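**Q** Dropping the structure in here first, questions after.
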Amino acid sequence: MEDTKVSLDKSLRRGNTMSGTRNVLKRAERVSQLEAEDRWSEKSTILGMPKVRVKRTVIGKKKKKKTKEEDAD
């Protein structure tokens, strides 16, 4: 059978797919976060590891910088 390539629609393309926040952490990342929160010890096992909340960044409006004229008022 021939190898045929299928084009991808522009709406389905993502520019920087790895630059965004991930909603799943790797095991080492989870352990380091639990250690920072004092919820992990060396005696703890990987089985039954507690859940770790992933912090998401909030995209909002940038604050306006005050000009020298506004500071004088």
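**Q** Just the residues that are of a type outside the set (A, V, I, L, M), modelled with pLDDT of 80 or more and assigned to a loop (DSSP other than H, G, I, E, B), please, taken from region 4-40.
**A** Listed by number, the residues that qualify are 4, 5, 7, 9, 23, 26, 37, 38, 39, 40.
**Q** Next question, about the same structure. Pairs please, first residue from region 11-30 and among the aliphatic types (A, V, I, L, M), second anywhere and modelled with pLDDT of 80 or more, Cβ atoms under 9 Å, 6+ apart in sequence or on different chains.
**A** These pairs meet every condition: 24/54; 25/33; 25/52; 25/54.
**Q** How many residues does region 21-68 hold that are surrounded by 10 or more Cβ atoms within 10 Å (Cβ to Cβ) and of a type in the set (S, T, N, Q)?
**A** Of the residues in region 21-68, 3 are surrounded by 10 or more Cβ atoms within 10 Å (Cβ to Cβ) and of a type in the set (S, T, N, Q).
The values are calculated or read from the model by the stated rules, or taken from the named source; none is laboratory data. This one's a predicted model, so the numbers in the text were calculated from it and none came from an experiment. A quick note on method: Cβ atoms are made from the backbone with ideal geometry, for glycine too, and the neighbour counts reach across all protein chains shown.
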